[in-house]
1. Over region 232-385, average the accessible area per residue using a 1.4 Å probe and give it in Å², no decimals.
2. Could you tell me the largest-minus-smallest coordinate of the C-alpha atoms of region 208-366 on each of the three principal axes, in descending order and whole angstroms?
3. Compute the acute angle (0 to 90°) between the alpha-carbon long axis of helix 114-126 and the principal axis of greatest extent of the alpha-carbon atoms of the chain; round to the nearest 10°.
4. How long is the gain from Thr132 to Asn216 if the chain were fully straight, where each residue apart is worth 0.36 nm and the alpha carbon distance is subtracted?
5. Select from region 102-170 those GluC sites (Glu not before Pro) which occupy a DSSP coil region and have at most 15 other Cβ atoms within 10 Å, ordered by residue number.
6. With r as the distance between the Cβ atoms of His208 and Leu182 and R0 = 41 Å, compute the FRET efficiency 1/(1 + (r/R0)^6) and round to 0.05.
7. Hey, got a sec? Which trypsin sites (Lys or Arg not before Pro) in region 247-334 land in a DSSP loop and have at most 16 other Cβ atoms within 10 Å?
8. Could you give each residue of region 255-261 its phi-based ³J(HN,Hα) in whole Hz, using Karplus coefficients 6.51, -1.76, 1.60 with θ = phi - 60°, and x for Gly or Pro?
Amino acid sequence: MEGKSNKNSDTQVAVVGAGLVGSLEACMLAQRGYDVHLYEYREDIRTLEHVPGRSINLAMSVRGRTALRHIGVEDSIIAHHAIPMRARMIHRPDGSTAAIPYNKDGQCIYSVGRRFVNEVLLTKAESFPNVTCHFQHRLTAMDITTRTMTFTNPTTEETNTRTADLIIGCDGAFSAVRKEMLKRANLNYSQNYIPHGYMELCIPADKHGEFAMPPNYLHIWPRGEYMMIALPNQDKSWTVTLFMPFNIFESLTSPQILMNFFQQNYPDAIPLIGEEKLVKDFFANKGLPMISVKCSPYHVGSSCLLLGDAAHAMVPFYGQGMNCGMEDCLVFDELLTKLDYDLSLVLPAYSAKRNPDAEAIVDLAMYNYVEMRDMVNSRWFLLRKKLDNF
Ligand code: FAD
């Protein structure tokens, strides 16, 4: 790749968190010749049967694709394992549907599996001789001045201490790296929980093993205060996400009350999910919170930097959290080459360039949350306009 450099091999970079952003960032740094150590709290997900955690599939847009292309994995993810969604399919309360294309030129977004993308990125990271992965390493303490990190093994509780020239926090919305950075002056921080929660349900493949709804759409059931969406999976099932206020989740206390609620709001989804499965899955789960995070700057000196949700977690109504985090890696990579790998220049330049853009997306996501709640009361042409954002 153009601009590949080996002059960085004496610089050790610790990337904390091997989720979607951390594993991508490890690849980008490896391409630039750094000595990269990737530390992850969880076990290696490639060895697990079931990976607990957030959303099963995600909408990937051009921002995410561009970043994947930069490390040569776009094709293995998009061409072979992503499902194009060319339009939204709106499900009205009477069961009728209407498609709204994303644009006239046939551009689309893609439904991708979180686990699959993460596994491809981990395997790619490990393919570089200058990347070492450390699983079951939970960052539990950090001294920014000495660039020292303490990791605890979640199973054995054993701890070990490591140092690095640069520490990059890619450890998500509840970032331990950010927590340590906040102990310093001059770092602004705010977080916001919204009154809505989300729950993932599932529409299985139909009896012929095919998609139970037309597959190349992001299906949306807008219902005023509530909303439900569905994204297609490779195995012909759908991941359905129900968004509603926590007090509504709490009010659905029995199978009968749940079924009445679905009859009233999502009657066409009942046969698709199956009554028994709906009741079983709903009561086996609970509404999960959604948080929005802003902080600035994203760095401390030349020693510490935040990327992805650690820097700017956002509510998922714009479908851009992962995409924006992946774009962070690209922006950082561009500045590394532009400023000749001088970290004392690159880190402040990154904060200055990225902060306004990332905060704009955080705000847009929150704006879309408020807008989409009201969709059902809007006239149809207004609904169309609002949906142009999702
Ligand atoms: P994470 O995915 O949170 O990864 C952080 C990693 O750090 C994890 O592996 C974690 O185990 C590890 N870690 C945490 N703490 C420590 C520690 N102390 N030490 C070591 N490791 C640690 N985005 C989109 O672009 N499109 C979508 O359609 C979309 N849909 C979404 C739907 C829902 C319901 C939700 C909740 C989010 C959605 N998002 C979407 C947002 C997306 O999930 C996030 O933006 C993305 O996961 C951020 O990636 P990340 O690597 O920064 O953080």
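The values are calculated or read from the model by the stated rules, or taken from the named source; none is laboratory data. None of the values given here were measured: they were computed from a predicted structure. Ideal geometry is used to build each Cβ from the backbone, glycine not excepted, and the neighbour counts take in all protein chains shown. Protein only, heavy atoms only, side chains kept; ligands, DNA and RNA dropped before computing areas. Shrake-Rupley method; radii C 1.70, N 1.55, O 1.52, S 1.80 Å.
1. Numbers: 6390 Å² over 154 residues.
Spelled out: the 1.4 Å probe surface of region 232-385, per residue, equals 42 Å².
2. Sorted largest first, the three principal extents are 62, 37, 25 Å.
3. 20 degrees
4. On the way: separation 84, 0.36 × 84 = 30.24 nm, distance 3.85 nm.
So the extension gain works out to 26.4 nm.
5. On the way: sites: Glu119, Glu126, Glu157, Glu158; in loops: Glu157, Glu158.
Those satisfying the criteria are Glu157, Glu158.
6. Values: r = 54 Å, r/R0 = 1.31.
The formula returns an efficiency of 0.15 here.
7. Here the sparse-neighbourhood loop sites are Lys286.
8. Rounded to whole hertz, the list is x, 5, 5, 4, 5, 4, 4.
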